[in-house]
Amino acid sequence: MPDILLHLLPLIVSCLLYAALGFHFWRTRWSENGHPVAPLPMQPWERLAIFAALTCQGIGLYDGLFGAGGMRFSFSFALSLMLWLAVLIYWLESFRSRMDGLQPMVLPLAAVCAALPALFPQVHVIAHADAWGFKLHFLAAMLAYSLFTLSALHAVFMGFVERKLHHRVINKHLASLPPILAMEAVLFRMIVVAFLLLTVALGSGVMFSEELFGKALVLDHKTLFAFVSWGIFAALLVGRQAYGWRGRIALRWTLAGFMVLLLAYIGSRFVSEVLLGRI
């Protein structure tokens, strides 16, 4: 029991830190407490606290994925890693843009996902994890998933901001968020990078499928959803460049592509590991 608790301690600590920080950012940036509506820049101690939570979760994820030799994985580790990368990207982006108003949604989600490996400990050992082709495929896929997750969160908030501005409502939510044009620029910057990473992930999966798994690429539901998502984001970027797509059109395409991509792996692993009890 003590060994198990020690193994889970970094994830538990990061979960508590994310939860506390999420409440703090909600209280100081979102809560209507009678104070004047004005943006509150992120403080140095807040950046340090987020970095501490990222470090704790990173240690826990590395130990869970690689601590026993080889490589282990599951849907819970996938979600936890995706939100870890999302928080990291927000933290880095906060040095150039005002991102503190987005933290009240991102940090609570990170808190929940940090605890998932402890709540759903089922894992499976991944074969061929030492092959460089697999490492390229895995890293590109997880980075792409994380960036698309962050893009979907961005899209939700942009839709929220647009509705509030349309009704001429100004409150602490809006005062703490970046300007809508800045949010849109960040959104498409993330989508472009994520699309390139997804292209690398799909390309490496096709190229190294036979080498890694001993068989040619199989067009199963996971692969089909991944390629459909790639097509949705490709159409979005072409529409943005050729027709100037923005606003609600861009948000709908972003959310549609993200949901399809989420079904490509997370949905299939959840059904297999939790509902069907397969490792």
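No lab work stands behind these numbers, since they all come straight from the coordinates. Owing to the predicted nature of the structure, the values given are computational and were not obtained by experimental measurement. All Cβ positions, glycine included, derive from the backbone under ideal geometry; neighbour counts span all protein chains shown.
At-a-glance table
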| read-out | value |
| --- | --- |
| Sequence of Leu198, Leu224, Leu102 once ranked by neighbouring C-beta atoms within 10 Å, starting from the fewest | Leu224, Leu102, Leu198 |
| Ile180, Ile50, Ile89 arranged by Cβ crowding within 10 Å, fewest neighbours leading | Ile180, Ile89, Ile50 |
| Residue order, fewest to most surrounding Cβ atoms within 10 angstrom, among Tyr18, Tyr90, Tyr62 | Tyr62, Tyr90, Tyr18 |
| Overall dimensions of the range 1-126 by Cα: Rg and Dmax, Å | 15.8, 54 |
